[in-house]
Amino acid sequence: MSIIDELIDLVEDSPTRDVIIGIHATLVCGERCGLSSSLLYGMQPHRVVEECGSLTGKTMRQLAELVRSDYLIEASVGMAAINAGLPVDSLRGPILNAKDVIFEKGAGKVVAVIGHFPFVERNHPFAELIVFEKFPLGNDLHESDIPEHIPRADLVALTATSIPNHTFEGIMEHIRPVAF
């Protein structure tokens, strides 16, 4: 079963109150609200989101299914619905800053980060930092370099954006089982 199947199975099948697709983020609200990055790259000219204008008539689970779409803005709506529709019990846990965890666990190790985050340009405690990016900057490697370089990483950091852009499964197959 894929990560998408597992997540959709967890989504509560409750009504959707609001869907807002913005230039940077997409918001879906039902009983709770969920956000996703608005994936606008690769946009197809003159294509609209399927059933645009009637998305609030759908359930959270129906919208979550959009995460499977190859049209990435629809997949963004699906990811936001997943984030809004996950049961509250599955969300309990410590409140942590991801950067702090990466710095602590990655100190003195080879760290791979999927995406060019602001902290990658600052001083870091890693033996080596490998940044993979869809649109590389500076010393970043292209996402196509993942199979060659990510197996060396002791720690891999990636966000849920890898789910709606359909790269999660491909990234995961190249990470060593002992990597954090």
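Descriptive notes on the structure:
- Modelled label reach - Lys109, point 7 Å along Cα→Cβ, the stretch 137-180 residues with backbone N closer than 13 Å: 152-158, 176-180
- Top of Val110, Val101, Val131 by mean-square fluctuation, Gaussian network on the chain, Cα under 10 Å: Val101
- Span-rule helices in the chain, defined as complete DSSP H runs reaching 15 Å or more along the axis (Cα) with Kyte mean at least 1.0: 72-85
- Taking label points 7 Å from Cα along the Cα-to-Cβ direction, Arg152 and Leu40 give a separation of 3.5 nm.
- The stretch 131-161 and the stretch 35-110 have Cα centres separated by 20 Å.
- At a Cβ-Cβ separation cutoff of 4.7 angstrom, cysteine residues of the chain with no neighbouring cysteine are Cys52.
- Once the Cα-Cα distance is subtracted from the 0.36 nm per residue extended length, the Leu141 to Ile3 segment shows a gain of 47.1 nm.
- Loop-resident sites, the stretch 51-154, for trypsin sites (Lys or Arg not before Pro), counting at most 14 other Cβ within 10 Å (DSSP): Arg92, Arg122
Throughout, read-outs are computed from the coordinates displayed, never taken from laboratory work. Note that the structure is predicted; figures quoted are calculated from it, not measured. For neighbour counting, all protein chains shown are included, and Cβ atoms are generated from backbone atoms with ideal geometry for every residue, glycine included.
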